[in-house]
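Chemist: My questions all concern the structure below.
The values are calculated or read from the model by the stated rules, or taken from the named source; none is laboratory data. The structure presented is a predicted model; accordingly, all values stated were derived computationally and were not measured. Cβ sites come from the backbone with ideal geometry, for glycine too, and all protein chains shown count toward neighbours.
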Amino acid sequence: MRGARAWRFGDRRRDRRPDGVAVVEPQSSGLGGGTLITYFDRDTGEVRFFDGLARAPQRVTDGLRTPTAEEQERFGIADFESEVAATGRAVGVPGTLRVLDLVHDRYGQLAWDELFDPAVELAETGFAMPPYLHDVMSASTRGLERCDYPDLGARYCDGATPIPVGEPVTNDDLADVLRDVRDGGADAFYDADGAIAPAIVERITRTPYKLETDASGPAVIPSLVTVDDIAGYEAVERDPLCAAVLRRVVCSSAPPAFGGLTVLYELELLERGRVRRTRPATLERVHLAIEASRLAQFDRREYVGDPDFQPVPTDALLSDAYLDERFALFSPDDAVHPVEPGDPTQVSARGAGDDATPGDVADLVDTTSHVSIVDRRGDAVSMTTTINSSFGAQLEVRGMALNNVQENFTRLDSISPGKPANIMEPNKRPRTSMAPTLVFDRRHRLRLVVGAAGGSAIPDYVTQTILGVVVDHTDPQRAINRGHWSGQSITSNCAGIIGARSELEEGSEVADLLDDLEAIGHPCPRLDDLRSGLTAIQLVGRRLLRGAADPRRDGIAVGF
């Protein structure tokens with residue numbers, strides 16, 4: 001609840017204060033990561049999409065695990081081990097503050113320096129250790145307990161154990177950074193001669209090398225990021241992806257995010273499968289939904305990357321002809337196996353003005369962690385922000401956890417499709433599952449703001465929530481609470497071949513369907529945690545807002 005004060009302060013439309021999230025969810029987000037924002041301006045009817053994803057530096061190799069030529073010669077190795085993902089080498093150039101600055105410049109009414117004081121106070125006075133943060137700190141990663149990572153242990157642990165749930169967590173270092181950014185703007189963060197960018201580079205390039213994580217501590221593999229990489233970062237505005245589906249218009253994130261594409265792709269296939277005739281938590285619904293997710297997974301892996309480096313065929317992937325072709329693979333009594341990418345270039349992509357054309361909502365209707373906010377004027381923000389893995393690279397500087405986003409590039413030896421689209425290149429953004437989404441009715445009225453945390457399954461969580469609200473006519477909290485399904489996990493051995501798993505949330509009402517899925521041909525079904533971090537706001541009529549937050553995490557819904 002204390003974190004919500006950072007959002008309320010000032011109570012002016014178009015002013016958003018995500019610095020509070022950076023304080024209270026340090027394991028998941030913060031100034032050291034990247035952010036996507038889908039924004040609805042009620043005055044103009046426009047949907048805008050802003051990309052602040054972290055990106056690779058100018059100097060890279062052909063993959064995160066590939067050493068430089070000098071390192072290969074020095075250490076006599078051709079590859080780093082997987083522990084490299086928890087070192088400075090995995091850190092991408094942060095983009096969060098640049099994209100927040102861009103959105104504030106377009107829409108803000110309060111002065112920038114009025115936005116930060118509640119978060120500064122929260123970082124200094126502390127917040128009660130929440131259960132989810134405690135769970136993350138109690139876990140191990142890359143073969144080491146989190147309390148044994150020096151940066152994290154010093155702040156979130158008492159010796160070898162995490163600070164107990166309910167005890168105060170403070171971060172004076174982050175409070176100082178927030179003051180610097182408050183007083184100096186986003187440039188204070190990105191200035192090559194300032195106090196923040198050089199501190200980040202010093203921390204992530206620190207040596208001596210240590211190639212393996214063991215009982216003596218984590219691996220140390222220094223970053224290739226420079227202060228010039230940080231100073232040169234730019235956030236960009238891209239066209240959102242939108243489609244008319246299920247008697248609604250749904251708008252979400254565009255590449256390099258595959259999340260929005262996957263949400264629209266799944267909803268289109270579900271509509272073709274007459275999902276309105278199915279009921280939640282039934283074999284018919286879950287089979288149909290997982291099949292849509294599995295097909296979407298292989299297509300998004302094959303084709304989605306940074307569009308600044310390689311065109312992404314979003315129009316073709318979302319065209320009626322291609323989706324009809326993919327839906328023809330469906331059977332009510334059997335699962336698609338093996339799943340393979342399709343070829344959208346062999347069908348005619350939708351043209352300008354058709355149902356995936358981004359822009360003004362009125363034009364769309366005629367033709368076709370997340371944080372969710374609706375203000376008193378009707379503007380809306382769906383914002384997903386991340387440092388990638390829990391605590392990212394397991395490194396901290398000046399109170400900021402640093403991302404490990406370069407782990408998201410596709411390795412050359414990966415079992416996954418998509419090597420050309422998502423290989424590591426200088427200044428490239430790796431793809432992401434984030435799917436900040438807005439849903440409108442046919443009269444151009446905003447009806448749902450939704451998004452999620454939760455890794456590769458984020459699009460499935462968002463799709464499921466939309467189905468609950470739009471198809472099942474339930475409130476968003478009940479929709480979020482329902483047991484999850486997903487087809488976004490890939491394995492090298494799914495009945496002997498590379499395949500997409502069919503996953504059900506362990507301990508939920510859908511878990512009982514595991515044997516039924518196997519009986520109709522799902523080749524490698526399993527129960528999994530599927531711990532989402534959904535938030536949603538449903539707009540009912542002209543005055544009623546229904547907020548919802550995921551009970552699997554620590555969020556709450558608050559109205560002012």
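Chemist: Report whether or not A281 is over 25 Å from the mean Cα position of the chain (by Cα), surrounded by fewer than 24 Cβ atoms within 10 Å (Cβ to Cβ) and more than 25 Å from G392 (Cα to Cα).
Modeler: Against the criterion (over 25 Å from the mean Cα position of the chain (by Cα), surrounded by fewer than 24 Cβ atoms within 10 Å (Cβ to Cβ) and more than 25 Å from G392 (Cα to Cα)), A281 qualifies.
Chemist: Just checking, which of C147, C157 is within 22 Å of E212 (Cα to Cα) and either among the hydrophobic types (A, V, I, L, M, F, W, C) or crowded, with 18+ Cβ neighbours inside 10 Å (or both)?
Modeler: C147
Chemist: While we're here: Looking at the range 154-161, can you tell me whether even one residue there is hydroxyl-bearing (S, T, Y), at pLDDT 95 or above and under 30 Å from F75 (Cα atoms)?
Modeler: Taking every residue of the range 154-161 in turn, none turns out to be hydroxyl-bearing (S, T, Y), at pLDDT 95 or above and under 30 Å from F75 (Cα atoms).
Chemist: Could you list all residues from the range 291-341 that are of a type in the set (S, T, Y) and not in a loop (DSSP other than H, G, I, E, B)?
Modeler: Once the filter is applied, which keeps residues that are of a type in the set (S, T, Y) and not in a loop (DSSP other than H, G, I, E, B), the range 291-341 yields S293, Y303, T314, Y322, S331.
Chemist: Condition test on R543, is it farther than 23 Å from G273 by Cβ and more than 20 Å from the chain's Cα centre (by Cα)?
Modeler: Judged against the criteria, R543 is a match.
Chemist: Let me ask something else about it. Whether any residue in the range 410-423 is of a type in the set (D, E) and outside the structural domain of V336 (by TED's automatic domain parsing) is what I want to check.
Modeler: yes
Chemist: Give, as residue ranges, the strands (runs of 3 or more DSSP E) completely inside the range 450-520 that count at least 3 residues that are of a type in the set (F, W, Y) and under 20 Å from R553 (Cβ atoms).
Modeler: Fully inside the range 450-520 and qualifying: nothing.
Chemist: Give the residues of the range 402-440 that are more than 18 Å from R55 (Cβ to Cβ), at pLDDT 95 or above and touching a Pro at 6+ places or on another chain (Cβ under 6 Å), sorted by residue number.
Modeler: A435
Matching residues to (1) in contact with a strand residue (DSSP E or B) (Cβ under 6 Å, 6 or more places away or on another chain); (2) at pLDDT below 95; (3) surrounded by fewer than 20 Cβ atoms within 10 Å (Cβ to Cβ):
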| position | (1), (2), (3) |
| --- | --- |
| M137 | yes, no, no |
| D151 | yes, no, yes |
| R179 | no, no, yes |
| I200 | yes, no, no |
| R206 | no, no, yes |
| A219 | yes, no, no |
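Chemist: For the range 64-104, which positions are loosely packed, with under 15 Cβ neighbours inside 10 Å, assigned to a helix (DSSP H, G or I) and at pLDDT 95 or above?
Modeler: A69, E70, Q72, E73, R74, F75 - these are the residues of the range 64-104 that are loosely packed, with under 15 Cβ neighbours inside 10 Å, assigned to a helix (DSSP H, G or I) and at pLDDT 95 or above.
Chemist: Note down all Cβ pairs under 6 Å where the first residue falls in the range 375-389 and is within 30 Å of L402 (Cα to Cα) and modelled with pLDDT of 95 or more, the second is surrounded by 18 or more Cβ atoms within 10 Å (Cβ to Cβ) and among the basic types (K, R), and they're at least six residues apart or on different chains.
Modeler: From residues that are within 30 Å of L402 (Cα to Cα) and modelled with pLDDT of 95 or more, the pairs are V381/R16.
Chemist: Out of (1) modelled with pLDDT under 95; (2) under 21 Å from I204 (Cβ atoms); (3) assigned to a loop (DSSP other than H, G, I, E, B), what's the single condition that is false for V60?
Modeler: (1)
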